[in-house]
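Okay, so here's the structure we're looking at.
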Amino acid sequence: MDILTLPVPPCSATPKAKATTLACGSLVALDLGTSTGWALRGRGDVISSGTVSFKPSRFDGGGMRFVRFRRWLEQLDSDAGPIEAIYYEEVRRHVGTDAAHVYGGLQAVLTSYCEEHLIAYQGVPVGTIKRFIAGKGNADKAAVIDAVRQRGFAPVDDNEADAIAIMLWATETKGGVQ
């Protein structure tokens, strides 16, 4: 999916020459799943990251993880916003049916939220991210974590490492624009 181009209001800060597409808002990178990895880059060029769990409790209905994900997006937009663009890992093949259903639901919530709030978004293929960060399109989780650590980050798991890798890809390649 191509990134949606939207008009961006002028920033009061003087832009610096750097390899980013940020104008005024924050840039977000997500590794969607029950345990979602996230990375956030604001105007100060500082990248913060982590993971958030959307695992339902035994008393939750089937849609509660998606309700919680949307609320989390709203809170992120409120706290770190405005969000200018969101990049996420675009998975085309899942080993398990449940993982595919969860991913599809989270992707639907994410893309509809972005459309509703005029936030640019782009899915980035898994192989593209792995090739960028680890040098191989089929790199394993350990290789991605090691490559992210070599860049000076300390991810707690592969979800956070993937989100950081997506963020680095988005900023260093200007979202894949050559």
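The values are calculated or read from the model by the stated rules, or taken from the named source; none is laboratory data. Just so it is clear, the model here is predicted, and its values are computed rather than measured. Here the Cβ is made from the backbone with ideal geometry for all residues, glycine too, and neighbour counts use every protein chain on show.
For region 94-106, a residue qualifies if it is touching a residue at least 40 places away in the same chain (Cβ under 8 Å) and either closer than 26 Å to Ser26 by Cβ or touching a Leu at 6+ places or on another chain (Cβ under 8 Å) (or both), and the qualifying residues are Val102, Tyr103, Gly105, Leu106.
Put simply, of Val8, Val67 the only residue that is more than 30 Å from Arg149 (Cβ to Cβ), modelled with pLDDT of 95 or more and surrounded by 11 or more Cβ atoms within 10 Å (Cβ to Cβ) is Val67. Scanning region 77-96 for residues that are hydrophobic (A, V, I, L, M, F, W, C) and surrounded by fewer than 18 Cβ atoms within 10 Å (Cβ to Cβ) yields Ala80, Val91, Val95. Residues of region 127-137 that are surrounded by fewer than 20 Cβ atoms within 10 Å (Cβ to Cβ) and of a type in the set (Lys, Arg): Arg131, Lys136. Restricting attention to region 113-126 and to residues that are free of Cβ contacts under 8 Å to residues at least 40 places away in the same chain and touching a Lys or Arg at 6+ places or on another chain (Cβ under 9 Å), the residue that is surrounded by the most Cβ atoms within 10 Å (Cβ to Cβ) turns out to be Val126. Of the residues making up region 138-159, those that are surrounded by 14 or more Cβ atoms within 10 Å (Cβ to Cβ) and aliphatic (A, V, I, L, M) number 6. Residues in region 160-175 that are surrounded by 15 or more Cβ atoms within 10 Å (Cβ to Cβ) and over 10 Å from Ala29 (Cβ atoms): Glu160, Ala161, Thr173, Gly175.
No other residue among Val91, Val109, Val46 is under 20 Å from Met167 (Cβ atoms) and touching a residue at least 12 places away in the same chain (Cβ under 8 Å) apart from Val91.
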